[in-house]
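Undergrad: Mind looking over this structure? Questions follow.
Bear in mind that the values in this text are calculations on the coordinates, not laboratory data. Keep in mind the model is a prediction, meaning the values are calculated, not measured. So basically every Cβ, Gly included, is an ideal-geometry build from the backbone, and we count neighbours across all protein chains shown.
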Amino acid sequence: MKLVPLGPHLIVKQLEAEDASAGGIILPDSAKERPGQGRVLSVGDGPLTSDGERLPHSVHEGDRILFLQYSGTNVVIDGEELLILKESDVLAIVG
């Protein structure tokens, strides 16, 4: 199945949460934070202005991004967990 985002939306594959803390302590699943990083798999055609023009996205397919922790909508497509979010939820592109 193919998932195509519309307008200002992005399809993101979340990166896995760390299994250990910075000090080397192994974290149980209940203590792991939801990751706020991911890889952009697909972008929509851009947000629409009040004049009816489409603006280009600032992020592109393949970019590694940081996003707001509890933003977006989780979906499962063909057994793979993906996140649909708006570009406005993206905080930074990791270079």
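Undergrad: Let me check the size of the stretch 40-95 from its C-alpha atoms; what are the radius of gyration and Dmax in Å?
TA: 12.5, 40
Undergrad: Then there's this: Ranked highest first by average number of other Cβ atoms within 10 Å, how do 40-46, 77-83 line up?
TA: On the way: 40-46: 17.7, 77-83: 12.0.
Result, highest mean Cβ count within 10 Å first: 40-46, 77-83.
Undergrad: Quick one: Karplus J couplings for the stretch 50-60, per residue in order, coefficients 6.51, -1.76, 1.60, θ = phi - 60°, nearest Hz, x for Gly and Pro?
TA: Going residue by residue, I get 5, 7, x, 8, 8, 8, x, 6, 7, 10, 10 Hz, with x marking Gly and Pro.
Undergrad: So, one more: What list of ³J(HN,Hα) values in whole Hz, one per residue of the stretch 70-78 in order, does the Karplus curve 6.51 cos²θ - 1.76 cosθ + 1.60 (θ = phi - 60°) give from phi, with Gly and Pro shown as x?
TA: 10, 9, x, 10, 7, 9, 10, 10, 6
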